[in-house]
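S.K.: This structure is in structure tokens; I'll ask about it shortly.
Here, each number is a calculation from the coordinates, and none is a lab measurement. Not measured: the values here are computed from a predicted model. Please note: Cβ atoms are built from the backbone with ideal geometry, for glycine as well, and neighbour counts cover all protein chains shown.
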Amino acid sequence: MDYNPILLERIKSKLPRIINNKTAIPIGMEEVERYEKAKQIFEGMLAEKGGEKLVQGIFRLHDELTVEYRKDHVLACRKGCDYCCHQLVCCSAAEMGLIVNFFKNLPRERRRRISRGIKKKAWKFYGENKKVIEGSSRWEMLDNFLRSKLLGVPCIYLSKQGQCLIYPVRPIDCRVAKTESPCGDSRKIEGLPNEIRLFCDQIASDLIMEGEKEKFGEMEIAPLIGWPISQQFGSFFK
């Protein structure tokens, strides 16, 4: 594919950047100009593709750019590795909508069996941590708690065989995960590997958040484990 190399450059610096009044991934001021240029290029490529809803279009373009990155860089990520599937993952309401639609297209009995298991796990986690979840007055407090609590815990969409049940519609949080360092045994997780973050990774995440705010008036972002028991999507997982 034709693309501008700036999209596959790594974000290196550590200063905070604010997007829509929300703190995003750290980025230095010297890189802001490059980020804005890369974002314009990404949006232009997205517009050229057309014919898809925003999130699906972002997923498809990001996947294509990731393939390009792999042509010149060796990543430790490989089929069968589920190390990064044992941590906190958040997604937008729009992304969760894609997951629900994906399940709706599965055979009825398989869909019901999987959705019931997912909801059971979600309620179990909520019940065990209800006091902290409901008592956290700030997202930063809850975020830190969930990151610690879910480190080493299999994603509710990860099968017993280590396969992602929603791989075609997995959230952008999952898609941007990549590392050059071997991850090790997911049954003995003590910490997460050093992830590589590219401009196209951050831009894809930001555009999904911005689209969410434009559609709903605010960014509806929640932990993946929480959506199945939410008011918005809980009725489907039964």
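S.K.: If we count other beta carbons within 10 Å of each Cβ, what is the order of I6, I221, fewest first? The partial results should precede the final answer.
M.R.: Numbers: I6 16, I221 19.
Sorted ascending by nearby Cβ count, the order is I6, I221.
S.K.: Anyone know which of K39, K71, K213 comes out most mobile in the 10 Å Cα GNM of the chain?
M.R.: Of K39, K71, K213, the most mobile in the Gaussian network model is K71.
S.K.: A further question on this structure: Sort 223-235, 84-96, 105-117 for me by packing, meaning the mean count of neighbouring Cβ atoms within 10 Å per residue, highest on top. If you can, show how the numbers build up before the last one.
M.R.: Values: 223-235: 17.5, 84-96: 20.9, 105-117: 12.2.
Output ranking for 223-235, 84-96, 105-117: 84-96, 223-235, 105-117.
S.K.: What's the angle, to the nearest 10 degrees (0 to 90), between helix 29-49's Cα axis and the longest principal axis of the chain?
M.R.: Helix 29-49 and the main axis of the chain meet at about 80 degrees.
S.K.: Provide the per-residue ³J(HN,Hα) series for the range 104-113, in order, calculated from phi with Karplus coefficients 6.51, -1.76, 1.60 and θ = phi - 60°, each as a whole number of Hz, with x at glycine and proline positions.
M.R.: Rounded to whole hertz, the list is 4, 8, 7, x, 3, 5, 5, 4, 5, 5.
S.K.: Which of K49/K119; K37/K119; K49/K121; K37/K149; K79/K121; K71/K213 have a Cα-Cα distance over 30 Å?
M.R.: K49/K119; K37/K119; K49/K121; K37/K149; K71/K213
S.K.: Right, here's the next one. Using only Cα atoms and rounding to the nearest 10 degrees, what angle (0 to 90) does helix 199-216 make with the longest principal axis of the chain?
M.R.: It works out to around 60 degrees.
S.K.: Residue by residue through the range 81-89, which ³J(HN,Hα) values in whole Hz follow from phi under the Karplus form 6.51 cos²θ - 1.76 cosθ + 1.60 (θ = phi - 60°), with glycine and proline marked x?
M.R.: 7, 10, 4, 6, 8, 10, 7, 5, 10
S.K.: Given a cut-off of under 8 Å on Cα pairs at least six residues apart, what relative contact order in percent is computed for the chain? Mind dumping the intermediate values first?
M.R.: On the way: 264 pairs, mean separation 76.4, N = 238.
About 32 percent, as a whole number.
S.K.: Quick one: which residues, 5 or more positions from V89 or on another chain, have an amide H under 5 Å from its amide H? H modelled 1.01 Å from N in the peptide plane, none for Pro or chain starts.
M.R.: L224, I225
S.K.: Which aspartates and glutamates have a Cα less than 18 Å from the Cα of K238, not counting those fewer than 8 places away in the same chain?
M.R.: Qualifying aspartates and glutamates at Cα under 18 Å: E109.
S.K.: Step through the residues of the range 224-238 one at a time and calculate ³J(HN,Hα) from phi using the Karplus curve (6.51 cos²θ - 1.76 cosθ + 1.60, θ = phi - 60°), rounding each to whole Hz and writing x for Gly and Pro.
M.R.: My calculation for the range 224-238 gives 4, 6, x, 4, x, 10, 7, 5, 6, 10, x, 5, 6, 7, 9 Hz in order.
S.K.: With bins 5 Å wide starting at 0, give me the P(r) of the range 5-229 over every alpha carbon pair, in whole percents.
M.R.: 1, 6, 13, 17, 20, 19, 14, 7, 3, 1, 0
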